[in-house]
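Everything on this sheet refers to the single structure shown next.
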2 protein chains.
Amino acid sequence: MRILEHPDPDDIGIDAVLAALADPMRRQIVCRLAEGHTDMACIAFELPVSKSTSTHHFRVLREAGVIRQRYQGTAILNSLRADDLNARFPGLLDAIITAQRTTGATAGTGA
Amino acid sequence: MRILEHPDPDDIGIDAVLAALADPMRRQIVCRLAEGHTDMACIAFELPVSKSTSTHHFRVLREAGVIRQRYQGTAILNSLRADDLNARFPGLLDAIITAQRTTGATAGTGA
């Protein structure tokens, strides 16, 4: 089983977090997890993209320190690292979730 | 004189804003402007990069809707679109400025 590497809380970088969350699909994933879904399997998100693209998005979020992933059998379960993010970058996660929920429908047009 | 295009307040996209602010030098520019510098000439920032790289960073910020630029003679003056950003994405700008000020020294390591 491959190792799923995660940055330590103090090593979470603002560059990587902002770059990870500059993508609308990755923000959608974060918003779903923020609704209280913990240990949500990648497949349960039903993202309208290929499996490899989906895996890529989850990996970017994990490597940035936004989500935590762990294996359960062959599935990978995801949870939001809200406490780590709120401690390191106060207010950032909530502001981005709010932005996504209020402007999500047009978020893709500004890139 | 070239036209400096700016997105309308309602067209500022979260994708473009987050991507623009995922760069440490662009966050430095924003933090300087947030200190109360309005109409600050690009050259006054004394960024440790080439003129073309500097121009690129300012352009990315302008096209994302983060800053406003205008000509004064041959100089380009910059100001932060704080009101537009705060209205569209409440709390986001402050959270990113706080993140930059508290973790700026290590911000480049997470990308």
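The values are calculated or read from the model by the stated rules, or taken from the named source; none is laboratory data. These numbers were taken from a predicted model, which means no experiment stands behind them. With ideal geometry, Cβ positions are generated from the backbone for all residues, glycine too; neighbour counts draw on all protein chains shown. Accessible surface is based on the protein model in full, side chains and every heavy atom, while ligands, DNA and RNA are left aside. Shrake-Rupley method; radii C 1.70, N 1.55, O 1.52, S 1.80 Å.
Out of all the residues in region A:55-73, which are of a type outside the set (A, V, I, L, M, F, W, C) and under 24 Å from A:Leu18 (Cβ atoms)?
Within region A:55-73, A:Thr55, A:His56, A:His57, A:Arg59, A:Arg62, A:Glu63, A:Gly65, A:Arg68, A:Gln69 qualify.
Just checking, how many residues over region A:28-59 are closer than 14 Å to A:Asn78 by Cβ and among the basic types (Lys, Arg)?
Result for region A:28-59: 2.
Answer with yes or no whether B:Gly13 is among the small types (Gly, Ala, Ser) and within 30 Å of A:Thr102 (Cβ to Cβ).
Against the criterion (among the small types (Gly, Ala, Ser) and within 30 Å of A:Thr102 (Cβ to Cβ)), B:Gly13 qualifies.
Quick grid of which residues meet (1) within 14 Å of chain B (Cβ to nearest Cβ); (2) among the polar types (S, T, N, Q); (3) over 20 Å from B:Asp23 (Cα atoms):
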{"site": "A:Ala19", "(1), (2), (3)": "yes, no, no"}
{"site": "A:Arg27", "(1), (2), (3)": "yes, no, no"}
{"site": "A:Val30", "(1), (2), (3)": "yes, no, yes"}
{"site": "A:Met40", "(1), (2), (3)": "no, no, yes"}
{"site": "A:Ile43", "(1), (2), (3)": "no, no, yes"}
{"site": "A:Thr53", "(1), (2), (3)": "no, yes, yes"}
{"site": "A:Ala75", "(1), (2), (3)": "no, no, yes"}
{"site": "A:Arg101", "(1), (2), (3)": "yes, no, yes"}
{"site": "A:Gly104", "(1), (2), (3)": "yes, no, yes"}
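Report, by residue number, each residue of region B:1-46 that is assigned to a strand (DSSP E or B) and more than 12 Å from the chain's Cα centre (by Cα).
Across region B:1-46, the qualifying residue is only B:Ala41.
Report yes if B:Leu47 is crowded, with 19+ Cβ neighbours inside 10 Å, without any contact (Cβ under 8 Å) to a residue 40 or more places away in the chain and either more than 26 Å from A:Ala87 (Cβ to Cβ) or not small (Gly, Ala, Ser) (or both), otherwise no.
Against the criterion (crowded, with 19+ Cβ neighbours inside 10 Å, without any contact (Cβ under 8 Å) to a residue 40 or more places away in the chain and either more than 26 Å from A:Ala87 (Cβ to Cβ) or not small (Gly, Ala, Ser) (or both)), B:Leu47 does not qualify.
Please pick out the residue among B:Asp23, B:Asp10 that is within 12 Å of chain A (Cβ to nearest Cβ), touching a residue at least 12 places away in the same chain (Cβ under 8 Å) and exposed (fewer than 13 other Cβ atoms within 10 Å of the Cβ).
The match here is B:Asp10.
Report yes if some residue within region A:60-72 is open to solvent by less than 40 Å² (accessible area, probe 1.4 Å), within 14 Å of chain B (Cβ to nearest Cβ), in contact with a strand residue (DSSP E or B) (Cβ under 7 Å, 6 or more places away or on another chain) and not in a loop (DSSP other than H, G, I, E, B); otherwise report no.
yes
Restricting the search to region B:77-99, which residues are away from every other protein chain (no Cβ under 14 Å) and without any contact (Cβ under 8 Å) to a residue 12 or more places away in the chain?
B:Asp83 - this is the single residue of region B:77-99 that is away from every other protein chain (no Cβ under 14 Å) and without any contact (Cβ under 8 Å) to a residue 12 or more places away in the chain.
How about region A:27-41: which of its residues are open to solvent by 30 Å² or more (accessible area, probe 1.4 Å), under 24 Å from A:Thr103 (Cα atoms) and not small (Gly, Ala, Ser)?
A:Gln28, A:Arg32, A:Glu35, A:His37
Among the numbered conditions (1) closer than 22 Å to A:Pro90 by Cα; (2) touching a Lys or Arg at 6+ places or on another chain (Cβ under 8 Å), tell me where B:Arg68 comes up short.
All conditions pass for B:Arg68, except number (1).
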